[in-house]
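Asks: This is the structure, below, for whatever I ask next.
The values are calculated or read from the model by the stated rules, or taken from the named source; none is laboratory data. Remember, predicted model here, so these are calculated numbers, not experimental data. As a convention, Cβ positions derive from the backbone with ideal geometry for all residues, glycine included, and neighbour counts pool all protein chains shown.
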Amino acid sequence: MKLNLNREQWLLLISTGVMGIIAVACMSLGGVIGSNSLFFDGVSTMVATLISSVMFLVASLIAKQNSSRFQFGYWHFEPLIILLECGFLLLAATFAFYRGIDLLVHGGNHIPVGLVFFIELFFALFEFGYFLYLRAANRDVGSELVRMDGLGWFSDSCMSLAIALGFGLAWLAQGTQFDWLSLYMDGVALLLAATLVVFSVLGRVMPAVKQFLGVSPRSLDAAVTGVVGEFVKKHGFVDFTSYVQEVGRSSVIEIHVILPSGFDVGAIDTLDSWREVIAIQIGEASPDRWLSISFTAQKRWAD
């Protein structure tokens, strides 16, 4: 059966499959070797895999534009996905902190630090390479979901690289007076990985919370009020009101221009031409922008 998928959906689908393979490999190798940090790396990647699969489903819904049940589209799912991912990652990081401290308190553990170093270095290079591939591919697609997925690959590569560097130092220290470091490196790497996860979550959760709560973006609000204010001043109209909101990749803009009472607009085409002028000055139209412009002589219809 042939899948009818667009470029965005293909990128997310392939990314999900590759990420799942890496997650299973990390957890399997971590379990066999006995490395908690390697296993946690796999757990965080598995969370990213699950979220990536949800992104693929959302991208499929967004491609449909809207439905009778979701008449404004499916963009509102995007911040929900981010919040869901951040919640799972924080839970995993909390457990990792507990496990890392427990390892340090109880004398660490014996693992082949050299082997873990090469495994994590390989994953770090592969994940960073895939991040670069997604970033290049997204230049043509312009997908927020693909961009988010790429940031997930970048975060995973940074985590793998940090763990690899720690085990690399422990590997070099073997046979020296600092040989004892290898016992504690797994716990230290686990704490480091959990810290990186927390910082990556903090950087992504606030924008998603603002979108979920419906906080109007200042930049978009300033752009709209500037354009409409100049239009009202130029034509000598009474006033205007505007409302803006960003949800995921979508921008919702509602504008009400208040005309003088008894103002003769002439042909109805005049209103459409004014709408066209305002729309062009606000920015290029796209399927992700919902723009509504009305004209009234009564302020109660503009509130």
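Asks: Tell me which of these Asn138 doesn't satisfy, since it passes every other one: (1) crowded, with 16+ Cβ neighbours inside 10 Å; (2) more than 30 Å from Asp239 (Cβ to Cβ); (3) modelled with pLDDT under 85.
Replies: Unmet for Asn138, out of (1) crowded, with 16+ Cβ neighbours inside 10 Å; (2) more than 30 Å from Asp239 (Cβ to Cβ); (3) modelled with pLDDT under 85: (3).
Asks: Confirm whether Arg99 is in the same structural domain as Glu78 (by TED's automatic domain parsing) and either within 18 Å of Ser182 (Cβ to Cβ) or in contact (Cβ under 8 Å) with a residue 40 or more places away in the chain (or both).
Replies: yes
Asks: Counting just the residues of segment 240-257 that are touching a Phe, Trp or Tyr at 6+ places or on another chain (Cβ under 6 Å) and among the aliphatic types (A, V, I, L, M), which one comes out farthest from Phe212 (Cα to Cα)?
Replies: So, considering only residues that are touching a Phe, Trp or Tyr at 6+ places or on another chain (Cβ under 6 Å) and among the aliphatic types (A, V, I, L, M), the one farthest from Phe212 (Cα to Cα) is Val257.
Asks: Could you list all residues from segment 84-99 that are more than 22 Å from Ala189 (Cβ to Cβ) and surrounded by fewer than 17 Cβ atoms within 10 Å (Cβ to Cβ)?
Replies: Scanning segment 84-99 gives Leu84, Gly87.
Asks: Here's something else I'd like to know. Restricting segment 60-83 to residues that are closer than 21 Å to Arg7 by Cβ, touching a strand residue (DSSP E or B) at 6+ places or on another chain (Cβ under 8 Å) and at pLDDT below 75, which is surrounded by the fewest Cβ atoms within 10 Å (Cβ to Cβ)?
Replies: Here the residue is Gly73.
Asks: Let me ask you something else. Would you mind finding the one in Thr296, Thr270 that is in contact with a strand residue (DSSP E or B) (Cβ under 7 Å, 6 or more places away or on another chain) and not acidic (Asp, Glu)?
Replies: Within the list Thr296, Thr270, the selection yields Thr296.
Asks: With respect to Phe240, determine if the residue is of a type outside the set (Ser, Thr, Tyr), more than 30 Å from Ile81 (Cβ to Cβ), at pLDDT below 90 and not assigned by TED's automatic domain parsing to the domain that holds Ala59.
Replies: Here the answer is no, as Phe240 does not meet what is asked.
Asks: Picking from Ala124, Ala93, Ala136, Ala164, which residue would you name as being assigned by TED's automatic domain parsing to the domain that holds Thr49, assigned to a helix (DSSP H, G or I) and out of contact with any helix residue (DSSP H, G or I) (no Cβ under 9 Å at 6 or more places or on another chain)?
Replies: Checking each option against the conditions leaves just Ala136.
Asks: Let me ask something else. For segment 100-108, state whether one or more residues are modelled with pLDDT under 80, under 25 Å from Leu202 (Cβ atoms) and either crowded, with 16+ Cβ neighbours inside 10 Å or in contact with a strand residue (DSSP E or B) (Cβ under 9 Å, 6 or more places away or on another chain) (or both).
Replies: Taking every residue of segment 100-108 in turn, at least one turns out to be modelled with pLDDT under 80, under 25 Å from Leu202 (Cβ atoms) and either crowded, with 16+ Cβ neighbours inside 10 Å or in contact with a strand residue (DSSP E or B) (Cβ under 9 Å, 6 or more places away or on another chain) (or both).
Asks: Here is a further query. Pick from segment 82-96 the residues that are free of Cβ contacts under 8 Å to residues at least 40 places away in the same chain and aliphatic (A, V, I, L, M): which of them is nearest to Gly152 (Cα to Cα)?
Replies: Here the residue is Leu84.
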